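Written out below as structure tokens is the structure these notes cover.
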Protein chains: 2
Amino acid sequence: MSDYAYFEDFVVGLKRETAPVTVSAEEIIDFARQFDPQPMHTDAQAAKAITGGLIASGWHTASLTMRMLITGGHYNPAPGTLGLGFENLRWLKPVRPGDSLRLRLEVISVRASRSRPDQGIITNRFITLNQHDAPVQEMTSSAIVPRRHPLGQSS
Amino acid sequence: MSDYAYFEDFVVGLKRETAPVTVSAEEIIDFARQFDPQPMHTDAQAAKAITGGLIASGWHTASLTMRMLITGGHYNPAPGTLGLGFENLRWLKPVRPGDSLRLRLEVISVRASRSRPDQGIITNRFITLNQHDAPVQEMTSSAIVPRRHPLGQSS
């Protein structure tokens, strides 16, 4: 028996949450200088007039979300799992210095493959929450996931 | 007259390309250690067996794409422009050390607002290309964009 997550391990409504990560002003500025050089992300003084203070690049929040997915204790895809991309990426609230984010994963769809008895398709909603339990980012992602026990096979 | 991009400046089929950015092994590893610590992104030796060598995190490619959007010479949104998020984010080919990426923006939809004579909705396809003109990432994004001349107003 392995700890890998197979198709059979996912049911609609299953929710998991990761440990939090806290983001600092220095990290916000460092990321934005490299990838999103706009004053509300790079210049605390200028940001006051634009967004009431420094806010993180949405792509920084997305990248931190990936980090939480990988390191947050719920990511152990079975060999052969294949992500199909991301949909409906939305930034819902600003992320500010000192905010503590965590990732909530919710299984919203589980479909057997029509053509492949050895796999299915899982869709997860990724909700990135702040320390006030407010969603700051949402997206959905589907993946092809192998079955532990292919349909029609006797074990 | 301003250089801001208003609704009237977008037509379906309009294509723009940014200057390229080159990504190094050090940058790939540095990003991945922070945001996507998986061996194909962080460990050149281990990556040989997994992906034929180091490949960039998809979120690194997405973040570099944002950088090219902002700094690539085509980003001057009119005040009041509001991005509505991203759809269909797909990573199509690996990005490897030394690859030189550029962003191609294509206007794929231009819609007048039904309720607001002073704005419309633009949808752009974002295609991130490598030095061989192969797409490595695609996504689409819609934005509410103000009109330079609101409908029904005499100038």
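The values are calculated or read from the model by the stated rules, or taken from the named source; none is laboratory data. Here the structure is a predicted model, which is why all the values come from computation and not from measurement. Please note: Cβ atoms are built from the backbone with ideal geometry, for glycine as well, and neighbour counts cover all protein chains shown. Remember, those area values only see protein heavy atoms, side chains included, never the ligands or the DNA or RNA. Shrake-Rupley method; radii C 1.70, N 1.55, O 1.52, S 1.80 Å.
What the table shows:
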| read-out | value |
| --- | --- |
| Subset of the stretch B:50-59 (residues that are of a type outside the set (Val, Ile, Thr) and exposed (fewer than 15 other Cβ atoms within 10 Å of the Cβ)) | B:Gly52 |
| A:Gln38 surrounded by 15 or more Cβ atoms within 10 Å (Cβ to Cβ) and under 17 Å from A:Arg96 (Cβ atoms) | yes |
| Top-ranked residue of the stretch B:86-125 - restricted to ones that are outside any strand (DSSP E or B) and open to solvent by less than 60 Å² (accessible area, probe 1.4 Å), ranked as nearest to A:Ser141 (Cα to Cα) | B:Val95 |
| Per-region count, the stretch A:42-84, residues over 16 Å from the mean Cα position of the chain (by Cα) and part of a helix (DSSP H, G or I) | 9 |
| Sole exception among (1) within 14 Å of chain B (Cβ to nearest Cβ); (2) open to solvent by less than 30 Å² (accessible area, probe 1.4 Å); (3) touching a helix residue (DSSP H, G or I) at 6+ places or on another chain (Cβ under 6 Å); (4) not acidic (Asp, Glu) for A:Ala47, by number | (1) |
| Verdict on B:Thr22 being among the hydroxyl-bearing types (Ser, Thr, Tyr) and away from chain A (no Cβ under 13 Å) | yes |
| Test set (1) assigned to a helix (DSSP H, G or I); (2) farther than 18 Å from A:Met66 by Cβ - B:Gly13 fails condition number | (1) |
| Condition met for A:Ala62 (within 14 Å of chain B (Cβ to nearest Cβ) and crowded, with 18+ Cβ neighbours inside 10 Å) | yes |
| Residue within the stretch B:5-27 that is within 19 Å of the chain's Cα centre (by Cα) and of a type in the set (Lys, Arg) present | yes |
